[in-house]
Amino acid sequence: MAARVLNVNVGVLGHIDSGKTALARALSTTGSTAAFDRAPQSRARGITLDLGFSCLRTALPPQLGPGPGELQFTLVDCPGHASLIRTIIGGAQIIDLMMLVIDVTKGMQTQSAECLVIGQIACQKMVVVLNKIDLLPEGKRQSAIEKMTKKMQKTLENTKFSGCPIVAVAAKPGGPEAPESENPLGVSELIEVLKSQAYLPSRDPSGHFLMAVDHCFSIKGQGTVMTGTILSGSVSLGDNVEIPALKVTKKVKSMQMFHTPVTYAMQGDRVGVCVTQFDPKLLERGLICTPDSLHTIHAAIISLKKIQYFRGALQTKAKFHITVGHETVMGRVMFFSPAPADFNEEIQENVFDFEKDYLYQEQYLSKDSVSSEENKENDQAGEVQLPKQQWALLEFEKPVTCPKLCLVIGSKLDTDIHANTCRLAFHGVLLQGMEDKNYTETFLPKLKVYKQKHKEGQVERVMDDYSVIGRSLFKKETNIQIFVGLKVKLSTGEDGIIDGGFGQSGKFKIRIPDGLKPDTKMLLNAASKKKSKGGKGDLTKEDESSKNDSAQPVTISLSFKRYVFDTQKKMIQS
């Protein structure tokens, strides 16, 4: 029986020019087809443009079980160039363990911070690699490494990677032009650290097969090879697989894992799948899957969290770059939260309840989004109340193909690359996709998101003990008929019901079922006497304000809610 091989995917992430590709090369024993900047554009520009994969095989460490076997680290070299962050996000979704590569002479840089954020979202464990220690003068090298190690420990203090190992290396002493005979420094120590951090990732061969393809090329006489990492399920020789973006189904003719032929591969494995009669130019990267198991969606409901390093508010109606699966598209967002009474309710994870009511939000609610005025009020009242969970409706500019419950990242990739700011805004989980192109008519009316509306007017005069005339609640052209029957409250405490319009100028009649209080009648009669002394007809603006100063007017407040996607725009009062 062949010795078992355990595959652990290790992401190599960091700022541009921190030496990620050199580190992957120093660690690797077997380069895959995609490794080490083979692409002509990459070589010409001297930077990694795409995910590169290579592998390192070593004996199985004791914590991973008894018996013979090999531990294979698949190294995913993610590009560090800012404009390629889409690719990094695509790579991070298939990573079990992350290496954050830091240029020891520069420390944390903008993209190292973004990589750290992606790691926190998509990854469980991390090792920090301080690279290029050969550039430090030998006499001061040790103290400089210690100083940078302390700095990194401080940076990671409030992240989930607090206390992670930090290793100093020189992956390519002397830089890219140095002769190959120069031995890397610290790499064997790094391999030992990686082995100590390796764990048995939870792998599940059941369920639909889904693979993230990152390279596609043809081999003469063989067919077209799609290489990638299996995100879920498993695949065997002879299986049919679908390329959902192209609506094409192909049979698996042969498979390889790092140049070794195999007949079966499962979740977490990195594999090359060969099919025939397929033009590789049609698919550079994307997803392949069990036929009919993926959906192409035009909009989605996600649960989400704001990324703490993103500066600024997340506004409803704003556009973000939305990364779903391996695709990044523009999308518009609408944020919503539980109804205020349910803010503290425990929400079931990864499920969206269409029976519940949700409150529309102009922006994602976070400590820094609650306005300063509200803060002043709340400081006296105690802590600002934030909901335990918030959601967003995403509407994509073009449809995306993805599995359910996949990771979603929203970013502002059009922010200046050189600005020292995090461009990743939020991350979440896709709970419900909308496949129908006409989802605004067929699907959205089921989504019960409401806006709370509040209007205020004034009592103009008393008609009798059980009715008053109101004004300033509606515009002249408003159809008051649609408000008939709605409940209102007077500032003096009485409950009333809108009975109908009164005249042509937007005034209206209110019925007070329990009658006006004697005090209210006195107040209103005093106000109308003043008004009649001031001359007949409607008052001018100035008269009105002076009148308001002398006798406090009785105000009328009308509150109702309206569902955002209700085609009939009904007004609802509890």
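In straight-distance terms, cross-link reach from Lys448 covers every one of the lysines whose alpha-carbon lies under 19 Å from its own, apart from those fewer than eight places away in the same chain; here that gives Lys317, Lys356, Lys388, Lys561, Lys569, Lys570.
Candidate cross-link partners of Lys172 among the lysines, defined by an alpha-carbon separation under 29 Å and a same-chain spacing of 8 or more, comprise Lys20, Lys106, Lys125, Lys132, Lys140, Lys147, Lys150, Lys151, Lys154, Lys195.
For segment 106-160, state which GluC sites (Glu not before Pro) are in a DSSP loop and have at most 13 other beta carbons lying within 10 Å of their beta carbon.
Values: sites: Glu114, Glu138, Glu146, Glu157; in loops: Glu157.
Here the GluC sites (Glu not before Pro) that fit, given the DSSP loop and packing criteria, are Glu157.
Probing with 1.4 Å while keeping every protein chain in the model, the per residue accessible area of segment 189-273 equals 45 Å².
Would you please put 387-398, 15-26, 514-525 in order of how densely packed they are, using the mean number of other Cβ atoms within 10 angstrom per residue and starting with the highest?
On the way: 387-398: 19.3, 15-26: 23.6, 514-525: 14.8.
Ranked by mean Cβ neighbours within 10 Å, highest first: 15-26, 387-398, 514-525.
Here the label points at Ser557 and Leu386, each 7 Å from Cα along the C-beta direction, are separated by 2.7 nm in the simple model.
Here's how it looks for Ser293: its modeled amide H is under 5 Å from none belonging to a residue 5 or more places away or on a different chain.
Model label sites at Gln481 and His259, defined 7 Å from Cα along the beta-carbon direction, differ in position by 8.2 nm. If I model segment 391-534 as equal point scatterers sitting on the Cα atoms and use the Debye formula, what is log10 I(q)/I(0) at q = 0.17, 0.20 Å⁻¹? For the requested q values the scattering log ratios are -0.96, -1.23. Couplings 3J(HN,Hα) for segment 105-116, derived from phi with the Karplus relation 6.51 cos²θ - 1.76 cosθ + 1.60 (θ = phi - 60°), are 7, 10, x, 5, 10, 3, 6, 4, 5, 5, 5, 5 Hz, where x marks Gly and Pro. The Cα center of segment 150-188 and the Cα center of segment 316-347 differ in position by 37 Å. Solvent-accessible area of segment 210-289 (1.4 angstrom probe, protein heavy atoms only): carbon and sulfur portion equals 54 percent. Extension gain for the segment Asn525 to Lys455, taken as residue separation times 0.36 nm less the Cα-Cα distance, is 22.8 nm to one decimal. The Rg/Rh ratio for segment 210-289 is 0.91, where Rg is the radius of gyration of the alpha carbons and Rh is the Kirkwood radius.
Mind giving me the FRET efficiency for Thr58 and Asn344? R0 is 45 Å, r the Cβ-Cβ distance, nearest 0.05 is fine.
Numbers: r = 49 Å, r/R0 = 1.09.
Using R0 = 45 Å, I get an efficiency of 0.40.
Count charges around Arg311 for me, please; just the other residues with Cβ under 12 Å from its Cβ, Lys/Arg as +1, Asp/Glu as -1.
Values: positive: Lys306, Lys412, Arg423; negative: Asp368.
Its environment carries a net charge of +2.
Overall, the accessible surface of segment 149-206 at a probe of 1.4 angstrom is composed of carbon and sulfur to the extent of 51 percent.
A crude spin-label estimate for the pair Thr415 and Phe354, with each label 7 Å from Cα along the Cβ direction, gives 3.6 nm. Rounded to the nearest whole Hz, the Karplus-based 3J(HN,Hα) values (6.51 cos²θ - 1.76 cosθ + 1.60, θ = phi - 60°) of segment 425-441 follow the sequence 9, 8, 9, x, 10, 6, 9, 8, x, 10, 7, 6, 4, 8, 4, 5, 8, with x at glycine and proline. Exceedance of the 28 Å cut-off in Cα-Cα distance is limited, within the set Lys367/Lys398; Lys451/Lys476; Lys437/Lys476, to Lys367/Lys398; Lys437/Lys476.
The values are calculated or read from the model by the stated rules, or taken from the named source; none is laboratory data. In this text the structure is predicted, and so the values were computed from the model without any measurement. Cβ sites come from the backbone with ideal geometry, for glycine too, and all protein chains shown count toward neighbours. Please note that ligands, DNA and RNA were not included when accessible areas were found on the heavy atoms of the full protein model with its side chains. Shrake-Rupley method; radii C 1.70, N 1.55, O 1.52, S 1.80 Å.
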